[in-house]
Amino acid sequence: KLSSNISAWWNFGSLLGLCLIAQILTGLFLAMHYTSDISTAFSSVAHICRDVNYGWLIRNLHANGASFFFICIYLHIGRGLYYGSYLYKETWNTGVVLLLLVMTTAFVGYVLPWGQMSF
């Protein structure tokens with residue numbers, strides 16, 4: 001018999017791992033075709049969407065996967081709050097640092113293409 005604390009809320013940690021793997025893979029595929037030069041950045045995104053096989057899908061998976069990733073993070077934090085995980089100070093503080101790092105990384109990835117936010 002499972003503990004009474006085990007519920008559907010625990011799935012979000014696994015979904016976070018799945019989302020992270022998907023983000024890394026789609027990000028690598030996008031980076032293979034992206035050009036960061038100020039004069040060609042926008043057209044390289046158009047090239048990815050139009051000329052790369054399934055480039056439009058990879059771009060959309062990457063963009064929407066980021067949103068789903070943060071939804072899973074917030075639900076994961078909500079589960080931690082509900083079950084009192086904040087009482088484990090070292091573990092909770094590690095999670096806070098990871099959250100701040102993820103938010104920083106997401107922001108840098110969002111404004112990276114020469115200030116043209118969210119191609």
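Where a number appears in this text, it was derived from the coordinates with a stated rule and is not lab data. Quick caveat, the model's predicted, so the values are computed rather than measured. Every residue, glycine as well, gets a Cβ built from its backbone with ideal geometry; the counts of neighbours run over all protein chains shown.
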Hey, of (1) 28; (2) 21; (3) 36, which did the structure itself give for percent of Cα pairs over 25 Å apart when calculated?
-> (3)
So what is the calculated 222 nm ellipticity per residue for the chain, using -39500 (n - 2.57) for each DSSP H run with n of 4 or more, over all residues, to the nearest 500 deg cm²/dmol?
-> -25000 deg cm²/dmol
Which FRET efficiency, nearest 0.05, do D37 and Y74 yield, Cβ-Cβ r, R0 30 Å?
-> 0.25
